[in-house]
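Please treat every number below as a calculation from the coordinates, not as lab data. What you see is a predicted model; the values in this text were computed from it and never measured. Cβ atoms come from the backbone with ideal geometry, glycine included; neighbour counts cover every protein chain shown.
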Ligand SMILES: *Cc1c(COP(=O)(O)O)cnc(C)c1O
């Protein structure tokens, strides 16, 4: 592989690259969200690492460390057990759920935070089957789903005596019928970045008498989600990607208000009891969102997430979406202009309505190319067998980052030709 070339090369391509670099600088200067980058632990210099992996692990918001220091030293260290009440630990799962609610288009009281996405997929899917009538014998699952959703759907089907049928996400609405209890789909495909039709698919499922469970891991925090308005029944999502909650941050569960009274959790832990400290031998579920809780909440991770959500105060998701599309448009343009023909082909849809907040490029040797990108200060990731993934987090990614990523990628691929 050749040496890094961003600084020096000459020739006709260089003029194109310079022109794109100038445009990136102009776009950054005009970006209304640009000041938010300072609220993250990110270097600002021209040689700062280009971080395009916020769709796997969001960058660290600066508000997190002081908050965790206080939680550990004062709330835990000094107040000890009193903090369950005095510091609001006990109600943190619902309280923080209500902070996520506006980001997913949910009115308060329907989102609870806790457990992993995997566990919440299980709760949502089994509970959805329990809401459906007995003669609805099948569960549909997005055929290209993130693996954990598929594994858990298979187990949920076995446990509830239903069959599981995998169909492409865009066909779920058409495939649903009188035997369908529920479908589980990803709003955005984690490999290709394709955004699925949440509203249309949900409406088609309802027309067939089935329920819709959506996984929002790759959409919430990057684009508008309208769970209430679009009639979604249940949804889950993680908080360590576009919500920047930190490694292993707890996930969230949305249960539409009208389903809450009949939401029958397959994991009815004591935290979801109507009177948890009554220590009754028999189970009586709590009302509302707390019914989705299981056991003792992960307080340190929850409160890190709480602090991470501060960056959203006053931020309009519509602006985030506008910047996300502008960033991915610009990156695609840079790739088309700079990367040698055919060496890295976009698989992410060009249509805005079908694009999430990442760009995936098909590239033979993706693993080695991504390793080389990291060596040269550009961090994305790869998914087997041949996809390079670049995540664009509108709160902190710059247009200059998009330009540099394409530039460095072009340098690497020229060298391997
Ligand atoms: C990231 C992601 C997960 C992660 O699940 P965990 O239980 O947090 O490990 C699940 N589903 C989808 C679609 C994801 O993108």
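Okay, here's what the table says:
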{"item": "Cα centroid separation - the stretch 13-46 against the stretch 94-141, whole Å", "result": "38"}
{"item": "Orientation-averaged projected area, Cα convex hull of the stretch 64-312 (nm²)", "result": "12.9"}
{"item": "Residue order, fewest to most surrounding Cβ atoms within 10 angstrom, among 67, 194", "result": "67, 194"}
{"item": "Rounded tilt (10° steps) of 198-207 against the dominant C-alpha axis of the chain", "result": "40"}
{"item": "Rounded to 5, the percent of DSSP beta bridges in the chain classed as antiparallel", "result": "50"}
{"item": "Over the stretch 166-250, relative contact order from alpha-carbon pairs under 8 Å, at least 6 apart, %", "result": "27"}
{"item": "Among 275, 310, 149: highest mean-square fluctuation, GNM of the chain, C-alpha pairs under 10 Å", "result": "275"}
{"item": "Rg in Å to one decimal, and Dmax rounded to a whole Å, for the chain via C-alpha atoms", "result": "22.6, 78"}
{"item": "Listed residues 93, 250, 297, most fluctuating in the chain (Gaussian network, C-alpha, under 10 Å)", "result": "297"}
{"item": "Over the stretch 1-153, equivalent-ellipsoid semi-axes from the Cα gyration tensor in Å", "result": "42, 29, 15"}
{"item": "Relative contact order [Cα under 8 Å, 6+ residues apart], the stretch 64-312, whole percent", "result": "25"}
{"item": "Helix 399-416 axis, angle to the chain major axis (alpha carbon atoms, nearest 10°)", "result": "60"}
{"item": "Percentage of interatomic Cα-Cα distances in the stretch 173-278 larger than 20 Å", "result": "47"}
{"item": "Cβ-based exposure ranking for 299, 100, in which fewest neighbours within 10 Å come first", "result": "299, 100"}
{"item": "Degrees, to the nearest 10: 317-338 long Cα axis against longest axis of the chain", "result": "40"}
{"item": "Max mean-square fluctuation residue, GNM over the chain, Cα-Cα springs under 10 Å, options 219, 133, 272", "result": "133"}
{"item": "Cα gyration tensor, the stretch 115-208 - rounded (a/c under 1.5), prolate or oblate", "result": "oblate"}
{"item": "Proxy reagent accessibility, fewest Cβ within 10 Å first, across 259, 196", "result": "259, 196"}
{"item": "The stretch 64-312: antiparallel DSSP beta bridges as a percent of all, rounded to 5", "result": "35"}
